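Enquirer: What follows is a structure written as structure tokens; I'll ask about it next.
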Amino acid sequence: MDKFFTSVQLDEELCKGCINCIKRCPTQAIRVRNGKACITKKFCIDCGECIRICPHHAKKATYDPLSVMNDYEYTVALPAPSLYGQFNNLDDVNIVLTALKRMGFDDVYEVSGAAELVSEMSRKYVEKHKEKWPIVSTACPSIIRLIRVRFPNLLDHLLPIQAPVDLAAAVARQQAMEKTGLSTDKIGIIFISPCPAKVSAVKTPLGIDKSNVDAVLAIKDVYPVLLGFMKEAVDHIEDLSISGKIGVGWGNCGGEASGLLTDNYLAADGIENVIRVLEDLEDEKFSNLTFIELNACSAGCVGGVLTVENPYVAKVKIKRMIKYMPVAMNHLPKKEELQKAYLSINPFWTSRVEYEPVFKLGDNLKEGIEKMSLVEDYIKKFPGLDCGACGAPTCQALAEDIVRGVAKEKDCIYILKQKIHKISDEFSELE
Amino acid sequence: MKMDFMGVHHIMTDRITLNYEVSAEDFTRAGEASSDVKKKLKQMGVEPSTITKVAIAMYEGEINMVIHAQGGQINVVISPDEVLMKLADRGPGINDIEKAMEAGFSTAPDNIRALGFGAGMGLPNMKKYSDEMQIETEIGKGTTVTMKVFLS
């Protein structure tokens, strides 16, 4: 699998070649060429901004269809905490969990359950590694991808603990194998996800060699089916929940950080805000911070592009729902079995995330300087309107594209116009 | 050396010059110049830890120009050997350079300190993060700080 795999794809039929996505992309990964948007995969961090902005719905996320459930003999659903924020007046998550089973899953395993374990391990890790303060959260795959291409200095700050979904998947698989005696390939661990970045994280994981998630479903696909089963489930609620306030709170921005039980944290959401925080962190502008939680989506995971509810409404719903939950459930006696399962799994990253200098202009410093000075020369020629008509988001980006050899000077309509004027002037002189 | 690159006649150069104007008392814009230099150094392929040195040294200088001086100009020359930063302000000048270099010494007024700036670490940090630093100052005229960070 290509290490720059991204789950965002283009529907060429629907793409009108407008400039909405190129303008919105935070890493300037998209260009319009020959009237269609194209994504430079190695620049893309899977944040989903282009999917959000495209007025023609030409940007699509890759994920699995509901029918993927039929591919396995035994399936376990892993609902993301953000799923709970999609429903009105939900006061018991067991209704959702029971409905998932009625919908066809053989078992459910809450991602929020694993999140509580991650919170506990993070507390210990943060306490032990003062030299890495502030430690940066790694649950959002887009954030890791952003840091590895743009913020090499911050790689050492990354929290090297598996994301809750990966830990949940590992435990769920182990439990399912013990319970059923089936071989691993017969078991389907299926994540119900708020975002397409998780698809990329499953296919090309960072920090771990392989994810135990077999398939990823979109919350927006599961939601309408689940609603029907929830009505049925109300009368036969099974006690399936394994998490409390801390775990479910992870669905909202600030949830992970507050699970660390410290006040010295910062939690940012929305990709542009996140980039500003990372810029400031890189310049060492923060003091006395122990932890930084970053979410690519506004409001946190509830703001993922595969959700149905308004992110801020979903956030309130989760907040309301967890109010009367126990703080955490990972230490309750009924979860002893789970504790044992966790002990046999290594929750830490097994490999370092390396810097990928994809934005580099040259192979060495000398070449880099030469090419950068060429870029500066081109910029002086362009009008600085950042109109996007050339297919690049800014004049600067066009200049870089030309120097990279993937665009031409006359792609700039301002320069083309000048040339046409010159030709027509010459013509009129002939008359 | 002259080369034809995509139809543009370009004099190949081994260095690049960047100029920035720093406006006075505009905290929201302070850091723009160092941020731009940082981005360009990454694109040029400079070692990440070296970029941090340049970014912090320059940011501190930029903030100083906003706090103490009426803004000024920053001139940055990047060559394969070094990043040379020249920060020239139109401020009051520095009375006692030795004193100003002491960690924690600050002449920043209270309203600036209330914003979290003026902790007296500006010049000391600039010295710490640069490989060479030189200060020329004239009372009533302004100060020019020249810093170098070596790349090889």
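The values are calculated or read from the model by the stated rules, or taken from the named source; none is laboratory data. Since the model is a prediction, treat every value here as computed from it, not as a measurement. When we count neighbours, we look across all protein chains shown, and the Cβ atoms used for this are built from the backbone with ideal geometry, even at glycine. To get the accessible areas, we keep the full protein, side chains included, count just its heavy atoms, and leave off ligands, DNA and RNA. Shrake-Rupley method; radii C 1.70, N 1.55, O 1.52, S 1.80 Å.
Conditions tested, residue by residue: (1) more than 30 Å from A:Lys3 (Cβ to Cβ); (2) charged (D, E, K, R); (3) surrounded by 22 or more Cβ atoms within 10 Å (Cβ to Cβ).
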site	(1), (2), (3)
A:Lys203	no, yes, no
A:Asp214	no, yes, no
A:Ile219	no, no, yes
A:Val234	yes, no, no
A:Ser243	yes, no, yes
A:Ile246	yes, no, yes
A:Ala257	no, no, yes
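Enquirer: Something else now. Is there any pair with a first residue in region A:349-370 that is within 7 Å of chain B (Cβ to nearest Cβ) and a second that is open to solvent by less than 50 Å² (accessible area, probe 1.4 Å) and among the hydroxyl-bearing types (Ser, Thr, Tyr) whose Cβ atoms are under 8 Å apart and which are 6 or more apart or on different chains, and what are they?
Expert: Partner pairs satisfying both residue conditions: A:Ile369/B:Thr13; A:Ile369/B:Ser79; A:Glu370/B:Thr13.
Enquirer: Exactly one condition in (1) β-branched (Val, Ile, Thr); (2) within 30 Å of A:Glu282 (Cα to Cα); (3) in the same structural domain as A:Tyr74 (by TED's automatic domain parsing) is false for A:Val136; which is it?
Expert: Of everything listed in (1) β-branched (Val, Ile, Thr); (2) within 30 Å of A:Glu282 (Cα to Cα); (3) in the same structural domain as A:Tyr74 (by TED's automatic domain parsing), A:Val136 misses just condition (3).
Enquirer: Also, I was wondering about something else. Please specify each residue of region A:376-394 satisfying the condition of being more than 8 Å from chain B (Cβ to nearest Cβ) and within 27 Å of B:Pro48 (Cβ to Cβ). Before you say what the answer is, go through the steps one by one.
Expert: Of the residues in region A:376-394, the ones more than 8 Å from chain B (Cβ to nearest Cβ) are A:379-394.
Residues satisfying the conditions are A:Ile379, A:Ala392, A:Pro393, A:Thr394.
Enquirer: Here's something else I'd like to know. Looking at (1) within 17 Å of B:Ala30 (Cβ to Cβ); (2) in a loop (DSSP other than H, G, I, E, B); (3) at pLDDT 90 or above, can you tell me which one B:Phe117 breaks?
Expert: Here B:Phe117 meets the rest and fails (3).
Enquirer: Restricting attention to region A:388-403, and to residues there that are within 29 Å of the chain's Cα centre (by Cα) and in contact (Cβ under 8 Å) with a residue 60 or more places away in the chain, which single residue is surrounded by the most Cβ atoms within 10 Å (Cβ to Cβ)?
Expert: Once the filter is applied, the top-ranked residue is A:Ala392.
Enquirer: Could you list, in sequence order, all residues of region B:77-95 that are within 14 Å of another protein chain (Cβ to nearest Cβ), open to solvent by less than 30 Å² (accessible area, probe 1.4 Å) and not in a strand (DSSP E or B)?
Expert: Keep residues of region B:77-95 that are within 14 Å of another protein chain (Cβ to nearest Cβ), which gives B:77-84.
Filter again for open to solvent by less than 30 Å² (accessible area, probe 1.4 Å), leaving B:77-79, B:83.
Across region B:77-95, the qualifying residue is only B:Ser79.
Enquirer: State the number of residues belonging to region B:23-67 that are more than 7 Å from chain A (Cβ to nearest Cβ), part of a helix (DSSP H, G or I), among the basic types (Lys, Arg) and touching a strand residue (DSSP E or B) at 6+ places or on another chain (Cβ under 9 Å).
Expert: 1
This table checks each residue for (1) touching a Phe, Trp or Tyr at 6+ places or on another chain (Cβ under 7 Å); (2) in the same structural domain as A:Arg52 (by TED's automatic domain parsing); (3) not in a helix (DSSP H, G or I).
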| site | (1), (2), (3) |
| --- | --- |
| A:Glu178 | no, no, no |
| A:Ser200 | yes, no, no |
| A:Pro205 | no, no, yes |
| A:Asp209 | no, no, yes |
| A:Leu227 | no, no, no |
| A:Met230 | no, no, no |
| A:Leu240 | no, no, yes |
| A:Gly247 | no, no, no |
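Enquirer: Taking A:Leu338, is it buried (at least 18 other Cβ atoms within 10 Å of the Cβ), at pLDDT below 95 and either of a type in the set (Phe, Trp, Tyr) or within 30 Å of A:Asn89 (Cα to Cα) (or both)? Don't jump to the end; show me each part of the working.
Expert: Values: buried (at least 18 other Cβ atoms within 10 Å of the Cβ): yes; at pLDDT below 95: yes; either of a type in the set (Phe, Trp, Tyr) or within 30 Å of A:Asn89 (Cα to Cα) (or both): yes.
Yes.
Enquirer: Can you find a residue in region A:415-431 that is modelled with pLDDT under 95, surrounded by 11 or more Cβ atoms within 10 Å (Cβ to Cβ) and within 12 Å of another protein chain (Cβ to nearest Cβ)?
Expert: Yes: region A:415-431 contains one or more residues that are modelled with pLDDT under 95, surrounded by 11 or more Cβ atoms within 10 Å (Cβ to Cβ) and within 12 Å of another protein chain (Cβ to nearest Cβ).
One line per residue, one yes/no per condition, for (1) part of a loop (DSSP other than H, G, I, E, B); (2) within 23 Å of A:Gly300 (Cα to Cα); (3) open to solvent by 10 Å² or more (accessible area, probe 1.4 Å):
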position: A:Ala77; (1), (2), (3): no, yes, no
position: A:Ser82; (1), (2), (3): no, yes, no
position: A:Gly85; (1), (2), (3): no, yes, no
position: A:Leu90; (1), (2), (3): yes, yes, yes
position: A:Ile95; (1), (2), (3): no, no, yes
position: A:Ala99; (1), (2), (3): no, no, no
position: A:Arg102; (1), (2), (3): no, no, yes
position: A:Phe105; (1), (2), (3): yes, no, no
position: A:Ser112; (1), (2), (3): no, yes, no
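Enquirer: Of the numbered conditions (1) under 20 Å from A:Lys366 (Cβ atoms); (2) surrounded by fewer than 22 Cβ atoms within 10 Å (Cβ to Cβ); (3) in contact (Cβ under 8 Å) with a residue 24 or more places away in the chain, B:Gly71 fails exactly one; give the number of that condition.
Expert: It is condition (1) that B:Gly71 fails.
Enquirer: Also, I was wondering about something else. Which residue is nearest to the other protein chains (Cβ to nearest Cβ), if the candidates are limited to region B:9-22 and must be surrounded by 14 or more Cβ atoms within 10 Å (Cβ to Cβ) and among the hydroxyl-bearing types (Ser, Thr, Tyr)?
Expert: Restricting to residues being surrounded by 14 or more Cβ atoms within 10 Å (Cβ to Cβ) and among the hydroxyl-bearing types (Ser, Thr, Tyr), the top hit is B:Thr13.
Enquirer: For A:Arg320, work out the one condition from (1) open to solvent by 70 Å² or more (accessible area, probe 1.4 Å); (2) part of a helix (DSSP H, G or I); (3) within 14 Å of chain B (Cβ to nearest Cβ) it doesn't fulfil.
Expert: Among (1) open to solvent by 70 Å² or more (accessible area, probe 1.4 Å); (2) part of a helix (DSSP H, G or I); (3) within 14 Å of chain B (Cβ to nearest Cβ), the lone unmet condition for A:Arg320 is (3).
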